[in-house]
Amino acid sequence: FLLWKLSSMKRHIIIGTAGHIDHGKTWLVKALTGTDTDRLAEEKKRGITIENGFAFWKLPNGEEAGIIDVPGHEKFIKNMLAGAGGIHIAMLVIAADEGVMPQTREHLDILSLLGIRRGVVVITKGDLEWKPGLREEIQMFVAGTFLKKAAVVVPSAVDERGIEDLRRILWRMCLEETQGEDYAQRNASVNSFRLPIDRVFSLKGFGTIVTGTLLDGALDMDSSAMLYPKAQLVKVRGIQVHGQNVSRAFPGQRVAMNLAGIGKEEISRGEILAAADSMESTMMADVKLRLLKSGHRSLKSGARVHLYHGAAELISKVILLDREVMKPGEEAVVQLRMEQQTAMKAGDHFVIRFYSPVETIGGGVVENPNAGKRKRRRKLGAER
């Protein structure tokens, strides 16, 4: 029954890696799928992931799950964030010889802020000498997070022992994910598709190609499409999913679209391709913001931050409406006043990073994506 239901409703899953640099994320994806997701010459030369890589995994019911392999270097967190927003299931990768490292922590914080609820812990490099007390360290690290009861798998790079166990665990989570009410809601509308653009390039003989994870609705060849926030109509000339031409794409799929009549230089990563007239551009949004309890920085009203929403990176001011300062662990409704136009929907998750030095400090959920300018409820200097 579960297999029939998953297939008949055309639900699709994105699985994503997370973890510190050189902990084996790209190897893991290759072991699962046979695909080396490091496609850039510089990535091959340096032996590190710089841009998000993409693969797909054939599920036991014959369908395919998309897999996003994110970079683990702190310098490429913005690239990681551009892909992480579409993830449903996370594989937190931790090397046995090093254990929990800085980007392990920041990546888990980001996944939690983005509302991801399912995942598995993968201990790589298990054939090397393990860091003393590693299992206890991991148990303490994931306590209180969505991974607190997650399965722990130890695959081997020597004989790939444990990979089949990981496949079984991921398949079970795919089934669990597609039974959720919120997942059904994302698939309910076929007329209001939305795709944050995370790559833009051109191919000889085809023209401009954009890629992204389809978040809402279904996308057809005859869909009336618009680029946001500029509200520019575009024509969809072709759709591909996992390298195959299709006439329709569904939420949760990695999609590539051939757009007619527009050059690649006219489109930027972070823009959104969505149904015509389904969104409004905005520079102000009311949001529920939560600062990480583990953070060390407070946030003053009017502070500038790096805002990550969908595949976009924006500069924004945070206006505190009921206090002067937000401290780590606090939550409040605040107003984001962005320095560039964007487009959002209520219920979208976002992440903020401190302006300088750049580090993840919090995130939350959009409540009103097209807010008017709000006055603070108290004067500066007044007591709380």
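The values are calculated or read from the model by the stated rules, or taken from the named source; none is laboratory data. Bear in mind that the values here come from a model prediction, so they are computed numbers and not experimental data. In this analysis, Cβ positions are derived from the backbone assuming ideal geometry, glycine residues included, and neighbour counts consider all displayed protein chains. Areas reflect the complete protein model, heavy atoms only, side chains present, ligands, DNA and RNA absent. Shrake-Rupley method; radii C 1.70, N 1.55, O 1.52, S 1.80 Å.
Which value at 222 nm does the chain reach when only helices count, each DSSP H run of 4 or more adding -39,500 (n - 2.57), with the total divided by all residues and rounded to the nearest 500 deg cm²/dmol?
-5500 deg cm²/dmol
Of Phe56, Phe193, which has the most accessible area and how do the rest follow, probe 1.4 Å?
Ranked list, largest accessible area first: Phe56, Phe193.
About the Cα centre of the chain, how large is the charge dipole given +1 on each Lys and Arg Cβ and -1 on each Asp and Glu Cβ? Please answer in debye to the nearest 20.
That gives a dipole near 1120 debye.
Hey, what did the chain get for relative contact order, percent, Cα under 8 Å, at least 6 apart?
Contact order relative to length: 14 percent.
Which order do peptides 326-332, 345-351 fall in by mean Cβ count within 10 Å, highest first?
Top to bottom by mean Cβ count within 10 Å: 345-351, 326-332.
For the chain, what % of the accessible area comes from carbon and sulfur atoms, probe 1.4 Å?
Answer for the chain: carbon and sulfur cover 50 percent of the accessible area.
Mind giving me the FRET efficiency for Gln232 and Leu321? R0 is 35 Å, r the Cβ-Cβ distance, nearest 0.05 is fine.
0.55
Indicate, rounded to the nearest 5 percent, the antiparallel portion of the DSSP beta bridges found entirely in region 1-157.
Here the antiparallel bridges make up roughly 25 percent for region 1-157.
Which FRET efficiency, nearest 0.05, do Arg304 and Lys45 yield, Cβ-Cβ r, R0 30 Å?
My answer for the efficiency is 0.25.
Round to the nearest 10 and report in Å² the accessible area of His20, as given by a 1.4 Å probe over the protein chains' heavy atoms.
For His20, solvent-accessible area is about 30 Å².
Give me the 1.4 Å probe accessible area per residue for the chain, excluding ligands and nucleic acids, in Å². Walk me through the numbers on the way to the answer.
On the way: 17350 Å² over 384 residues.
Accessible area per residue: 45 Å².
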